[in-house]
Ligand SMILES: Cc1cc2nc3c(=O)[nH]c(=O)nc-3n(C[C@H](O)[C@H](O)[C@H](O)COP(=O)(O)OP(=O)(O)OC[C@H]3O[C@@H](n4cnc5c(N)ncnc54)[C@H](O)[C@@H]3O)c2cc1C
């Protein structure tokens, strides 16, 4: 009988590992609590009404349809019994010979209960749709609120975290409001709209060269985003955000892009974890004492090359390829190979014609960086249909200053409901 390889997580790392095992003499079972692979880097465009959710996701079965040694199981994994080599799931247990854990990350609220309860995070499709519904509901409500203070709070959008997600979110939100919603809500005064990007550190995009951080901040200011450094958020109650300085910012919307941590399964494994709850792995991505178990992507903590590797898609993808190679070798009686990361560079967009990029040690900004960002993201999207639809949407929005998906598909959350607004 062929050895079974169970891959948990159909994200960037898991999907790549499953694919890369297509010619190996093994049976591959990919397990995920969702039946789709999600392209998270474009989630913020779903949140800001630019793209439909289905344009950035694809059913796993469709992605790997042609792979003969592949099967998929829709299930949430809650634990691993390493001794009996079985996964506990919300369905029946699943046995394995080799296991690849690629469960990614979850939002990290650093114990701020109010932020967790009333804030909006961006990690999955429902999160993105929730933000879209919420922002549009705020505008609908603001139209009928006579109290100026309440109206301003409805039109104040606080984005927390100056990493790529926060920067992209703030830029896209500003463009949604200033280029598109301004035409729909003509009676509203744009002076009442405020977008704040709050960063606790002393610069945006900490992983990028300082020059690019400055360029990003300048571009955001030009897009009417108030960029604040050293602004540590300590609470949010649905009506106002509180900063460590004591400042209170009345706002109905707080979008939390300030941190992630390993997805909960990492903690449930009962193995040593490191910063942000990521599972410590050997240089070969194997779990110490369990050579048949690999942990990859955001869930893995590898220090082999100096500081821990960033929680980014290229890391997860390359790790997926490495473990597939290692499993092929182990099955053939060989040994696992150490992981070596090849940094392809980093990119972040700030809206129309604006991005920052560092590729092969060269930093550049503005239109060239934006074009590179567009091409790279289009190429990385899975499926020709998705690429075509995304490209069409982008072209439409670019030429007509539009965002096609301005639908409110769920009732406004209580914090925007009409009864409390006068
Ligand atoms: C909004 C946003 C924007 C980003 N932008 C960029 C970017 O521009 N560039 C970049 O390089 N990176 C970006 N990232 C980070 C990048 O998406 C991650 O680093 C990457 O997805 C990690 O891949 P992974 O395979 O480890 O996990 P993921 O891709 O997150 O996949 C994890 C999978 O595991 C599944 N799963 C989790 N727990 C369980 C369980 N218990 N049972 C079953 N299934 C489970 C999930 O459903 C998911 O499908 C962004 C992330 C976010 C959230």
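The modelled label-to-label distance for the pair residue 387/residue 352, using points 7 Å beyond Cα in the direction of Cβ, is 2.7 nm. Our note on the geometry: Cα centres of the range 51-120 and the range 1-38, 11 Å apart. First check a/c for the range 129-171, with a ≥ b ≥ c the square roots of the eigenvalues of its C-alpha gyration tensor; if it is under 1.5, answer rounded, and if not, answer prolate when a/b is larger than b/c or oblate otherwise. Oblate.
Counting only DSSP beta bridges whose two residues both lie in the chain, roughly 45 percent are antiparallel. A simple spin-label model places the labels of residue 90 and residue 303 3.5 nm from each other, with each point 7 Å out along Cα-to-Cβ.
Taking other C-beta atoms within 10 angstrom as a stand-in for reagent exposure, 204, 287 fall in the order 287, 204, fewest first. Among 83, 172, 348, the largest mean-square fluctuation in a Gaussian network model of the chain (Cα springs under 10 Å) belongs to 83. Largest GNM mean-square fluctuation across 17, 262, 88, computed for the chain with C-alpha springs under 10 Å, falls on 88. With the convex hull constructed from alpha-carbon coordinates only, the range 1-109 shows a mean projected area of 8.1 nm² over all directions. Here each label is just a point 7 Å from Cα along the line to Cβ, and for residue 239 and residue 335 those points are 6.5 nm apart.
What angle, in degrees between 0 and 90 and rounded to the nearest 10, separates the Cα long axis of helix 366-380 from the longest principal axis of the Cα atoms of the chain? Between the helix axis and the principal axis of the chain, the angle is about 40 degrees.
Computed per residue of the chain from DSSP H runs no shorter than four, each worth -39500 (n - 2.57), the mean residue ellipticity at 222 nm is -9000 deg cm²/dmol. The range 137-156 and the range 331-383 have Cα centres separated by 39 Å.
Helix 210-222 axis versus longest C-alpha principal axis of the chain: approximately 40°, rounded to the nearest ten.
For the chain, the longest principal axis of the Cα atoms and the long axis of helix 313-331 meet at an angle of about 10 degrees. Note on 15, 381, 188: ascending count of other Cβ atoms within 10 Å places them as 188, 381, 15, the fewest first. Report the percentage of all Cα-Cα pairs in the chain whose separation exceeds 32 Å, rounded to a whole percent. Result for the distance tail: 39 percent. Multiplying the residue separation of residue 408 and residue 359 by 0.36 nm and subtracting their alpha-carbon distance yields 13.8 nm.
Every number here is computed from the coordinates shown, using simple stated rules; none is lab data. In this text, all values refer to a predicted model and were calculated from it rather than measured experimentally. Here the Cβ is made from the backbone with ideal geometry for all residues, glycine too, and neighbour counts use every protein chain on show.
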